[in-house]
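Please read the structure below before turning to the comments.
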Amino acid sequence: MNWWHDFADQIEPDAPLGSLTWFKLGGRARWLFRPADADALATLFVRARDHGVPVKVLGGGANVLVRDGGFDGLVVRLDGEAFRTIDGPCGALRVGAGVDLMPLSRQCSDKGFTGLECMAGIPGSVGGAVKMNAGGRFGDFGSSVCEVEVLDERGLLATWARDRVGFGYRRSELGERIIVSALIELREDDPARAKERYDEYFEYKRRSQPMADNSAGCIFKNPPGASAGALIDRAGLKGTRCGGATVSTRHANFIIADRGAVASDVLRVVDMVRDGVRRAFNTELEMEIDVW
Ligand code: EPU
């Protein structure tokens, strides 16, 4: 019997991952696990570890590039009911890791609760947004988070207060721990004003970014005091292409994947951009997205 036999109804072996990511490319997972609840998650997580099986969590797939060879391990996807709950009044919401970020931020703003408008148009899941402190020029998700419920290395649920989570620019101290839910605190505002801000931020994003194309959003972090997009643009790298991957001509920090593109095309363009920016500005760009 294999190590996951009693979870066969929640596991898909040799599962394609491309369709679960915004790039729409990349290889397969040896196992894709959609746990029914936190108990199933904890049990199989510990078992995988005991069998030496590497584990990764796939959130909304908005910030991940899966290599063409895929991932030889267990990919966890928290998209079941148990991980998509939203409890409590808008001022203090307990939100599951699998909750979709875009409808959440839209609904909170519509109801006049302020804090998540800065996430307008930013795709992903709550778990992913916590882990990497998603955000942009108008703010970040971590600023609204009070505490995070995580599955720790031993497979036990633990609550981390915001100070311990250590939110920074597109980062947290959560490492490989699995985020189960977050408690977020929003302030009450005039609904018309909160909605107006949301619409304004969304419009900024729509105007300046290639939202309709397959991409993982911004590829590189902004170096201290500079904008990665502006540097790539000024280095004349917009439109740089390899196979089916191209540097967006609209926002230079986006790489667009055409139909038929493979992950190695994207990685080749990443190298070309880094080389170009290093040559032009002697600046090292650090990737923002996760490469599996
Ligand atoms: N710029 C250019 N050329 C370009 C792109 C940008 O000159 O091709 C200039 C802009 O004109 C602006 C400056 O660079 O003066 C900064 O650009 P922008 O306002 O678009 O912000 P950004 O720093 O590139 C950040 C986040 C985005 C987020 C936006 C808006 C990072 C790495 N990126 O972009 O997040 O949507 O602010 O809030 O922090 C993401 O994380 O995936 C992402 C897209």
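Scanning region 231-280 for residues being of a type outside the set (D, E, K, R), assigned to a helix (DSSP H, G or I) and either more than 16 Å from Arg67 (Cα to Cα) or modelled with pLDDT under 95 (or both) gives a total of 7.
Just one of Ile179, Ile184 is in contact (Cβ under 8 Å) with a residue 40 or more places away in the chain, away from the ligand (no atom under 14 Å from the Cβ) and under 17 Å from the mean Cα position of the chain (by Cα); which is it? After ruling out the rest, the residue left standing is Ile179. Restricting attention to region 34-60, the residues that are closer than 30 Å to Asp213 by Cβ and at pLDDT 95 or above total 4. Gly243 fulfils the conditions (1) more than 24 Å from Glu117 (Cα to Cα); (2) in contact with a helix residue (DSSP H, G or I) (Cβ under 6 Å, 6 or more places away or on another chain); (3) within 11 Å of the ligand (Cβ to nearest atom) except for a single criterion, (3). Filtering region 201-238 to residues that are more than 10 Å from the ligand (Cβ to nearest atom) and free of Cβ contacts under 8 Å to residues at least 40 places away in the same chain leaves Glu203, Ala212, Pro224, Gly225.
Among the strands (runs of 3 or more DSSP E) lying completely within region 1-119, list those that include at least 3 residues that are under 24 Å from Ala182 (Cα atoms) and touching a strand residue (DSSP E or B) at 6+ places or on another chain (Cβ under 7 Å). Write out each step before concluding.
On the way: elements: 11-16, 28-33, 55-57, 71-76, 92-96.
Result: 55-57, 71-76, 92-96.
The residues in region 84-96 that are out of contact with any helix residue (DSSP H, G or I) (no Cβ under 8 Å at 6 or more places or on another chain) and either within 28 Å of Gly27 (Cα to Cα) or among the polar types (S, T, N, Q) (or both) can be counted, and the count is 2.
Only one residue in Gly139, Gly121, Gly128 is within 16 Å of the ligand (Cβ to nearest atom), modelled with pLDDT of 95 or more and at positive phi. Which one?
Going through Gly139, Gly121, Gly128 in turn, just one is within 16 Å of the ligand (Cβ to nearest atom), modelled with pLDDT of 95 or more and at positive phi: Gly139.
Please go through (1) under 20 Å from the mean Cα position of the chain (by Cα); (2) more than 12 Å from the ligand (Cβ to nearest atom); (3) in a strand (DSSP E or B) for Thr159 and return the number of the only condition it doesn't satisfy. Thr159 satisfies every listed condition except (1).
In region 121-156, what count of residues is obtained for those that are in a loop (DSSP other than H, G, I, E, B), of a type outside the set (Phe, Trp, Tyr) and under 21 Å from Phe220 (Cβ atoms)?
Total satisfying the criteria: 8.
Between Arg94, Arg84, Arg77, Arg67, which is under 21 Å from the mean Cα position of the chain (by Cα), crowded, with 18+ Cβ neighbours inside 10 Å and among the basic types (Lys, Arg)? Can you show your working first?
On the way: Arg94 fails: crowded, with 18+ Cβ neighbours inside 10 Å; Arg84 fails: crowded, with 18+ Cβ neighbours inside 10 Å; Arg67 fails: crowded, with 18+ Cβ neighbours inside 10 Å.
None of the other options fit; the residue is Arg77.
The values are calculated or read from the model by the stated rules, or taken from the named source; none is laboratory data. Just so you know, these numbers come straight off a predicted model, no measurement behind them. Here the Cβ is made from the backbone with ideal geometry for all residues, glycine too, and neighbour counts use every protein chain on show.
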